1. Using Cα pairs under 8 angstrom and six or more residues apart, how large is the relative contact order of the chain, in percent?
2. What pairs from Lys290/Lys324; Lys250/Lys346; Lys57/Lys250; Lys217/Lys290; Lys229/Lys346 go past 31 Å between their alpha carbons?
3. Can you quote the Å³ per residue value for the convex hull of the Cα atoms in the range 5-208, rounded to an integer?
4. Using only the Cα atoms of the range 213-348, what are the Rg and Dmax in Å?
5. Which value, in nm² and rounded to one decimal, describes the direction-averaged projected area of the C-alpha convex hull of the range 35-114?
6. Taking R0 as 25 Å, what's the FRET efficiency between Ser180 and Gln202 from their Cβ-Cβ distance, rounded to 0.05?
7. If r is the Cβ-Cβ distance from Leu339 to Met187 and R0 is 35 Å, what FRET efficiency results, to the nearest 0.05?
8. May I ask you to derive the FRET efficiency for Thr277 and Met154 from their Cβ-Cβ distance with R0 = 41 Å, giving the value to the nearest 0.05?
Amino acid sequence: MALATTIMGDTWPQLDALLISTLRNAERILCVSHVAPDGDAIGSLLGMGWILRAIGKNPTLALQDAPGEEFSFVPGYADIVGEAQVTAGYDLIVCLDASSPDRMGSIYRTADHVAIPLVVIDHHVTNTRFGHINWVEPGCAATCQMLIYLADAMQVPVTGPIAQALLTGLVTDTLGFRTSNTTARVMQAAMRLMDGGGNLVQIVDWTLRRTPFSIIKLWGEVLNQVQFKDGVIWVTISRAQRESAGVDDKESGGLANQLVTVVGADISATFNETVDTQGRAAVECSFRAKEGFDVSKVAFALGGGGHPPAAGCTIAGSLDEISKRVVAELHEARRIGTLMQTAEQKSRG
Ligand SMILES: [Mn+2]
């Protein structure tokens with residue numbers, strides 16, 4: 001596949017013939033989603049697996065990091081394999097919900113896989129179009145929403161395990177249909193998945209209404225050091241604090257989601273002390289923004305990615321140094337958002 005093809009918003013579904021024929025003609029398919037997998041990563045990976053099985057394929061579904069136990073209710077969860085079970089012998093790789101190739105982590109091995117056609121299916125506005133076929137729909141609230149339209153185009157009914165897997169990603173990426181990208185089309189998609197057997201109550205109970213006690217202890221540790229200035233609220237989480245609370249590396253229980261609900265906060269951030277792939281000190285940054293503010297540009301400029309209301313990145317350096325530097329960027333993003341809102345109000349009179 002010499003020419004890269006990018007399928008975007010309005011051109012769908014006219015250009016989908018190449019995508020569909022590529023999927024239909026492949027025999028040995030590797031599906032992969034992103035490191036630190038969330039509900040949309042796992043839901044789109046498993047949903048794609050079920051769609052491909054419906055057309056007679058037997059794909060390998062792989063993730064670098066083992067999916068959380070809170071997703072064990074999703075049909076096909078036990079079929080997900082790790083790096084060790086990934087070979088070089090595929091004729092197609094399908095990458096789901098990942099905005100850049102590094103997000104596939106150790107599953108994508110350039111030496112083994114670079115010659116294999118790569119299909120990218122993603123809804124992140126920051127997607128770098130790193131596949132041979134790139135289908136990127138920033139207008140969709142989840143990659144799982146895109147897979148409903150893919151199933152339609154392939155005449156695969158969105159029922160049973162497909163419905164449950166796809167509804168999981170739609171519910172988790174919209175935080176239970178509450179994010180600003182929850183359009184009427186998202187609700188129509190959800191209704192179709194529920195009609196097809198998706199169990200909304202089960203998904204909400206297992207994924208959203210669920211906080212490990214260790215997370216509550218961690219919040220207790222860190223929240224007395226929370227800082228709030230000029231519409232930006234942030235907190236740092238050290239490895240020592242995580243250890244004392246008994247919380248795994250990188251886990252913060254979605255604290256940035258909680259912080260952005262603070263009255264007067266337009267942008268929130270958590271800074272999680274960690275080590276990068278080379279073993280150097282690094283900080284995992286997670287950003288959230290209220291409607292009208294954009295944290296995806298900040299994350300992308302720092303080597304990460306995401307959406308205007310939710311984005312993140314990992315940067316080498318110390319917790320103190322990185323948080324200071326990034327908070328300055330967030331204040332700038334907040335200033336730009338405020339200016340744009342003022343301009344919009346003026347133009348409306
Ligand atoms: Mn997603």
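A short reminder: the numbers here are calculations on the coordinates, not readings from a lab. Values in this document were obtained by computation on a predicted structure and should not be read as measured data. Positions of Cβ are backbone-derived with ideal geometry, glycine not excepted, and every protein chain shown enters the neighbour counts.
1. RCO, the chain: 13 percent.
2. Working: Lys290/Lys324 21 Å; Lys250/Lys346 42 Å; Lys57/Lys250 35 Å; Lys217/Lys290 26 Å; Lys229/Lys346 26 Å.
Beyond 31 Å: Lys250/Lys346; Lys57/Lys250.
3. 104
4. Spelled out, the Cα radius of gyration and Dmax of the range 213-348 are 15.0, 52 Å.
5. Values: hull surface 20.7 nm².
Orientation-averaged projected area of the Cα hull: 5.2 nm².
6. Rounded to the nearest 0.05, the efficiency is 0.45.
7. 0.60
8. On the way: r = 36 Å, r/R0 = 0.88.
Efficiency, rounded to the nearest 0.05: 0.70.
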